[in-house]
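The values are calculated or read from the model by the stated rules, or taken from the named source; none is laboratory data. These numbers come from a predicted model, not from an experiment. Please note: Cβ atoms are built from the backbone with ideal geometry, for glycine as well, and neighbour counts cover all protein chains shown.
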Amino acid sequence: MKYKELIKKMTLEEKASLMSGKDFWQTQDLPQHGINSIFLADGPHGIRKQAEAADHLGLNESIPATCFPTAATVANSWSVELAEKIGDYLGIEAVAQKVNVLLGPGINMKRNPLAGRNFEYFSEDPYLAGKLAAGMIRGIQSHGISACVKHYAVNNQEERRMVIDTIVDERTLREIYLTAFEIAIKEGQTKAVMSAYNMLNGVHTNENMHIMQDILRKEWGYDGVVVTDWGGSNDRVAGLLAGNELEMPTTAGETNQEIIQAIRSGKLQEEVLDECVDRMLDLIFTTEEVYAKPYKQQFDVDEHHRAAQKAAEESIVLLKNEGNILPLKQGVKVAVIGDFANEARYQGAGSSIVNPTKLDQPWNGLKESGFVTIGYEPGFERYGKKSRKRIEKACALAKNADVVLLYIGLDEATEAEGLDRHDMRIPQNQIDLLDALYQVNPNIVAILSCGAAVEMPWIGKVKGLLHGYLSGQAGAKAMLRILSGEVNPSGKLAETYPLQYEDTPSYRYFPGKEVSVEYREGPFIGYRYFDTANVEVRFPFGFGLSYTTFEYSDLQVDRDGVTFSITNTGSMAGMEVAQLYVGCESGLIFRPDKELKGFVKVHLNAGETKRVTIAFDDKTFRYFNVKTDRWEIEEADYKMMIGASSADIRLQDRLFVEGTEAPIPYEKEKLPTYYSGKTNDVSVEEFEALIGRKVPVSKWDRTRPLGYNDTIAQCQYAKGGLARFAFWLISFSYWFLRKIGKRSTANIIMMSIYHMPFRGISRMTGGVINMPMLDGILMIANGQLLKGAGHLLRERKKLVKGAKGL
Ligand code: BGC
């Protein structure tokens with residue numbers, strides 16, 4: 001232990017007090033030992049430091065900070081350098097705001113396109129997500145503070161996020177859901193990890209010895225701190241045993257007492273606490289060093305704004321360019337249509353929300369730029385209401401233009417933390433507008449703003465399509481520079497765009513049932529599925545156009561990597577993202593046809609050729625063998641594929657690789673669907689054969705009284721009339737708020753009340769309601785109104801007395 005001497009001097013109470021927050025964002029200080037509080041702030045694409053009223057829902061304003069493009073956007077750049085640069089700027093701003101731990105990046109896999117926080121995550125591919133995250137972490141931590149990679153692990157949906165039990169087989173867990181964390185932790189050297197709200201295979205993630213001890217600590221050698229997600233702690237002692245140092249936010253000392261009691265009763269060894277304190281002290285002391293000397297309390301707002309613009313420029317994806325309608329020719333008359341042109345959609349809702357230092361708006365930018373604009377019309381109502389009048393006005397304007405720039409996308413209430421989307425469509429009123437515009441002027445360039453994949457049955461009606469994702473406070477300007485051709489687009493999709501939602505592999509198993517969600521599709525998520533199962537998609541993973549063209553040639557494969565040439569065969573300088581995919585040819589162990597194992601982004605002037613190398617690493621040939629319980633290499637021929645996207649393989653070769661001689665882990669006849677790769681409809685029996693046990697009952701047990709881990713939504717069948725009434729009231733408020741167009745407020749009800757487990761009432765109220773009081777509330781919910789109310793009042797009195805020291 002690094003701080004053994006100091007720890008020896010601390011009392012049990014003092015040590016335990018470091019294990020949970022002092023308030024919503026800060027840790028406990030112990031001035032008598034020279035230990036300061038440290039500040040944790042969201043993340044991930046800008047600093048959200050709340051100076052006053054604190055919340056984890058993104059409700060109250062924070063100190064202005066640069067809003068960079070969200071992770072889903074940055075991922076399209078496929079540039080580790082860019083991610084690192086953004087991290088660098090985030091680090092500068094975090095220091096200026098005296099933040100010690102920046103709560104990001106978020107690196108959960110995009111298992112399903114509807115998952116509400118996809119805009120905050122990088123990719124459906126763990127290798128890409130891991131590499132970008134590692135870059136961002138290095139950038140942030142180069143300023144002496146800590147990043148906090150989140151949410152560990154398998155947190156891939158918002159529905160019932162605080163209680164849902166994720167059922168996933170060990171190989172899929174390792175290869176798909178943990179690999180990004182492994183890369184972020186080993187290559188990024190993050191000092192902090194945030195555990196996830198959900199359960200994994202029956203155990204809360206922060207209590208899960210398998211992922212917290214066997215994998216995180218022992219296999220990956222992680223010696224940093226694990227912090228719970230806000231309010232995510234279930235059994236504090238079990239969490240501590242698993243190595244979860246910090247619980248956030250404060251519980252006013254209640255859970256520290258639980259730790260103390262556990263030690264006094266012999267349930268927990270004091271050494272376990274000491275180890276946790278040691279790691280916590282290391283986080284505190286190392287991230288405080290920067291503030292011990294004079295540090296920069298200001299940052300150059302304009303420079304950071306320009307950096308955000310540059311990041312967006314590298315991340316925008318050109319998806320369609322019929323007849324080379326883009327870049328716009330000099331002097332063309334453009335009509336600007338779409339509400340998002342006037343008020344940019346540039347970030348998502350929830351805890352990641354940033355109060356931007358500035359905000360570029362497309363329409364203002366267009367007016368000031370060299371474009372010949374003939375006017376602006378909103379064309380549709382942002383939150384989906386139909387308006388014939390708006391469409392008519394937009395058509396009248398479009399008629400007189402050479403090109404229509406149509407700004408469409410999803411609104412901010414649709415993409416929000418705490419809620420998954422209901423479908424993959426953009427609102428019908430926008431599609432109606434496009435249909436009408438197409439009748440009067442087919443020269444339409446659509447500019448799409450949203451943080452996740454959408455269906456595009458309307459794509460035939462646009463000639464150009466640029467996807468800006470959620471491109472941050474300077475995204476509008478970046479887009480204009482792409483439209484004008486000052487910047488050549490170089491982004492490529494970090495997720496697949498299916499033709500329709502029903503084509504997604506997890507379609508039948510998302511968001512699961514009342515208690516659990518079964519990842520029956522196994523490792524076949526994203527392109528791993530579409531490719532192997534031969535399902536046609538709208539846009540494949542890794543796809544993106546440029547204003548120039550690239551040719552690939554002269555592939556050379558050797559033991560250490562692949563080398564090949566790329567030539568810019570067009571007339572404009574540009575950047576190309578070349579991707580290395582590997583596929584095993586043996587067929588003995590089921591696998592996706594191809595998996596991303598490396599990538600490179602190269603800048604090439606017109607006519608220029610460069611020879612590039614992608615080196616192999618420890619992930620290139622490995623698979624996780626559930627029989628030997630370790631990573632192995634299968635002896636086989638491997639297809640080495642160099643692609644401009646996962647579906648556009650330009651060069652190919654074969655390499656024989658010697659294996660580790662591990663036994664084949666599966667009995668093929670028991671897993672026919674997995675061996676076919678068509679895992680969008682796996683029977684429960686076959687899934688059970690894969691996971692090696694029965695799946696848990698997925699329905700609520702309505703006969704049991706409600707307990708700590710049951711959600712407020714379960715009050716619908718509570719014994720107590722008051723609880724059922726409360727449920728009705730909550731449901732009614734949700735319905736009513738949506739009815740009157742207050743969707744964001746309605747969302748907050750879902751996110752912070754409806755799906756919250758009862759224990760959350762105590763975990764999130766900073767000690768106002770403690771666990772004994774919660775017992776009273778549960779008695780009331782379970783039909784013991786008087787007994788419960790009495791208990792509640794008595795416990796409240798005790799708490800108040802205790803606080804007054806009586
Ligand atoms: C989110 C985290 C966030 C935390 C603090 C939680 O609701 O899941 O990502 O860092 O709140 O705001």
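Return the residue satisfying two criteria in turn: it lies in region 18-58 and is among the small types (Gly, Ala, Ser), buried (at least 17 other Cβ atoms within 10 Å of the Cβ) and modelled with pLDDT of 95 or more, and of such residues it is farthest from GLU120 (Cα to Cα).
Only one residue tops the list, namely SER37.
Is it the case that PRO511 is surrounded by 24 or more Cβ atoms within 10 Å (Cβ to Cβ) and either in contact (Cβ under 8 Å) with a residue 24 or more places away in the chain or in contact with a strand residue (DSSP E or B) (Cβ under 7 Å, 6 or more places away or on another chain) (or both)?
Taking the combined requirement at face value, the residue does not satisfy it.
Go through (1) within 29 Å of the chain's Cα centre (by Cα); (2) at pLDDT 95 or above; (3) among the aliphatic types (A, V, I, L, M); (4) more than 16 Å from the ligand (Cβ to nearest atom) one by one and return the number of the condition LEU405 breaks.
Here LEU405 meets the rest and fails (1).
This table checks each residue for (1) in contact (Cβ under 8 Å) with a residue 40 or more places away in the chain; (2) within 30 Å of MET479 (Cα to Cα); (3) crowded, with 18+ Cβ neighbours inside 10 Å; (4) in the same structural domain as ALA394 (by TED's automatic domain parsing).
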residue	(1), (2), (3), (4)
ILE259	yes, no, yes, no
LEU268	no, no, yes, no
GLN297	yes, no, no, no
GLY323	yes, yes, no, yes
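Go through (1) within 16 Å of the ligand (Cβ to nearest atom); (2) at positive phi for GLY34 and report which single condition fails.
(1)
Specify the residue that is nearest to the ligand (Cβ to nearest atom); the eligible residues are those in region 347-376 that are in contact with a Gly (Cβ under 8 Å, 6 or more places away or on another chain) and not hydrophobic (A, V, I, L, M, F, W, C).
Out of the qualifying residues, it is SER351.
Regarding LEU729, is this residue within 30 Å of ILE780 (Cα to Cα), in a helix (DSSP H, G or I), among the aliphatic types (A, V, I, L, M) and free of Cβ contacts under 8 Å to residues at least 40 places away in the same chain?
Yes; evaluated as a whole, the condition is true for this residue.
On the given criteria, is ASP701 modelled with pLDDT of 95 or more, acidic (Asp, Glu) and crowded, with 18+ Cβ neighbours inside 10 Å?
Criteria not met by ASP701.
List the strands (runs of 3 or more DSSP E) that sit entirely inside region 153-253 and contain at least 3 residues that are within 28 Å of ARG528 (Cβ to Cβ) and away from the ligand (no atom under 15 Å from the Cβ).
Counting at least 3 such residues, we get 165-167.
Would you check which residues across region 54-113 are among the small types (Gly, Ala, Ser) and away from the ligand (no atom under 16 Å from the Cβ) and list them?
ALA75, SER77, SER79, ALA83, GLY87, GLY91, ALA96
Pairs needed: first member in region 566-594, under 26 Å from GLU686 (Cβ atoms); second member anywhere, of a type in the set (Val, Ile, Thr) and modelled with pLDDT of 95 or more; C-beta distance under 7 Å; at least 6 residues apart or different chains.
Pairs found: LEU588/ILE664; ILE589/ILE664; PRO592/THR532; ASP593/THR532; LYS594/VAL582.
Identify, by number, the condition in (1) assigned by TED's automatic domain parsing to the domain that holds ASP618; (2) touching a residue at least 40 places away in the same chain (Cβ under 8 Å) that LEU671 doesn't meet.
It fails just one condition, (1).
VAL168 passes all but one of (1) within 25 Å of HIS755 (Cα to Cα); (2) in contact with a Ser or Thr (Cβ under 6 Å, 6 or more places away or on another chain); which number fails?
VAL168 satisfies all of (1) within 25 Å of HIS755 (Cα to Cα); (2) in contact with a Ser or Thr (Cβ under 6 Å, 6 or more places away or on another chain) except (2).
Which members of region 118-127 meet the condition of being buried (at least 24 other Cβ atoms within 10 Å of the Cβ) and in a helix (DSSP H, G or I)?
Once the filter is applied, which keeps residues that are buried (at least 24 other Cβ atoms within 10 Å of the Cβ) and in a helix (DSSP H, G or I), region 118-127 yields ASN118, PHE119, GLU120, PRO126.
Report whether or not ARG390 is touching a helix residue (DSSP H, G or I) at 6+ places or on another chain (Cβ under 6 Å), charged (D, E, K, R) and either assigned by TED's automatic domain parsing to the domain that holds VAL440 or at positive phi (or both).
For ARG390, the condition - touching a helix residue (DSSP H, G or I) at 6+ places or on another chain (Cβ under 6 Å), charged (D, E, K, R) and either assigned by TED's automatic domain parsing to the domain that holds VAL440 or at positive phi (or both) - is not met.
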